[in-house]
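Worksheet for the structure shown next.
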Amino acid sequence: MDTFSTMIIEAVDKIKNAVVKIDVYKTVKGKLRPAGSGSGFIFSSDGLVFTNCHVIEGAEKIMVSLLDENEIEATLIGKDPDTDLAILKIYAHGYSVARLGDASLLQIGQFVIAIGNPYGYQHTVTTGVVSALGRTLQTQSGRLVDNVIQTDAALNPGNSGGPMITTDGEVIGVNTAMIQGAQGLSFSVDINTAKAIAQQ
């Protein structure tokens with residue numbers, strides 16, 4: 001196998017057990033019904049999960065599925081609409097913890113890999129390069145998020161909240177948005193911003 005493929009396979013291998021699918025439920029006409037899904041990743045050994053704020057917005061019940069399809073109910077720990085980040089907690093076993101990298105070391109043209117659940121297709125891997133750094137992105141609520149990483153890795157609805165990783169398997173961003181109708185424009189919130197939010 002070529003070196004390039006081996007590099008991607010090894011990077012994905014390091015993080016795949018930390019990536020989760022998130023299903024959200026809301027009450028409709030008195031019954032709890034599925035109301036969308038997204039992605040997330042476990043970043044601490046005590047089961048804390050990063051995702052996007054818009055993924056879990058208004059959720060009455062949040063279920064998290066691991067790679068082994070073990071499904072666990074999650075608790076919302078906190079959310080920050082300004083950066084579109086949210087933190088969930090799960091009580092489970094059999095997962096690994098994503099290694100968080102340093103987004104300040106990223107360079108334009110650097111190779112990156114996204115993992116998530118677009119349209120519910122669990123653990124979909126896409127690749128691309130860093131197209132620009134330090135972008136400002138307007139979220140769905142109209143707020144502006146700074147220090148956003150722009151890449152051309154394909155993201156689709158459901159990728160939100162999943163990790164953007166380097167070829168070393170370290171998370172450098174939380175995938176947050178693609179621009180509707182645009183090709184090859186995807187954005188991730190810088191992991192350094194996410195770490196700062198997590199500490200709050």
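One table, with the values for the structure above:
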{"item": "For ALA35, distant residues with modelled amide H under 5 Å away", "result": "VAL24, TYR25, LYS26"}
{"item": "Alpha-carbon radius of gyration plus Dmax, which is the widest Cα pair, for the stretch 80-129 in Å", "result": "14.3, 38"}
{"item": "Percent accessible area from carbon and sulfur atoms, the chain, protein chains only, probe 1.4 Å", "result": "49 percent"}
{"item": "Value at 222 nm in deg cm²/dmol, rounded to 500, when DSSP H runs of n ≥ 4 in the chain each add -39,500 (n - 2.57)", "result": "-3500 deg cm²/dmol"}
{"item": "Rotationally averaged projected area of the stretch 121-200 (alpha carbon convex hull; nm²)", "result": "5.7 nm²"}
{"item": "Vicinal HN-Hα couplings computed from phi for the stretch 42-56 (Karplus, 6.51 cos²θ - 1.76 cosθ + 1.60; Hz; Gly/Pro x)", "result": "7, 10, 9, 5, 9, x, 7, 10, 8, 8, 8, 4, 5, 5, 9"}
{"item": "Span from the the stretch 83-99 Cα centroid across to the the stretch 1-51 one, whole angstrom", "result": "9 Å"}
{"item": "Principal-axis tilt of helix 3-15 within the chain, Cα atoms, nearest 10 degrees", "result": "30 degrees"}
{"item": "Residue-normalised accessible area of the chain, given per residue in Å² at a 1.4 Å probe", "result": "48 Å²"}
{"item": "Over the stretch 1-43, equivalent-ellipsoid semi-axes from the Cα gyration tensor in Å", "result": "37, 10, 5"}
{"item": "For the chain: relative contact order, % (alpha-carbon pairs under 8 angstrom, 6 or more apart)", "result": "21 percent"}
{"item": "Column: log10 I(q)/I(0), Debye, Cα scatterers of the stretch 23-90, q = 0.15, 0.25 Å⁻¹", "result": "-0.45, -1.14"}
{"item": "Estimated vicinal HN-Hα couplings, Hz - the stretch 108-113 in sequence order (Karplus 6.51, -1.76, 1.60; Gly, Pro = x)", "result": "5, x, 5, 6, 9, 10"}
{"item": "26 Å tail of the calculated P(r), the stretch 31-180, as % of Cα pairs", "result": "20 percent"}
{"item": "Contact order relative to length of the stretch 45-106, as percent, for alpha carbon pairs under 8 angstrom and 6 or more apart", "result": "37 percent"}
{"item": "Bins of 10 Å, starting at 0 and running to the largest distance - Cα pair percent for the stretch 1-114", "result": "13, 39, 32, 14, 3, 0"}
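The values are calculated or read from the model by the stated rules, or taken from the named source; none is laboratory data. What you see is a predicted model, and the numbers here were worked out from it, not measured in a lab. Keep in mind that these areas ignore ligands, DNA and RNA; they rest on the heavy atoms of the full protein, side chains included. Shrake-Rupley method; radii C 1.70, N 1.55, O 1.52, S 1.80 Å.
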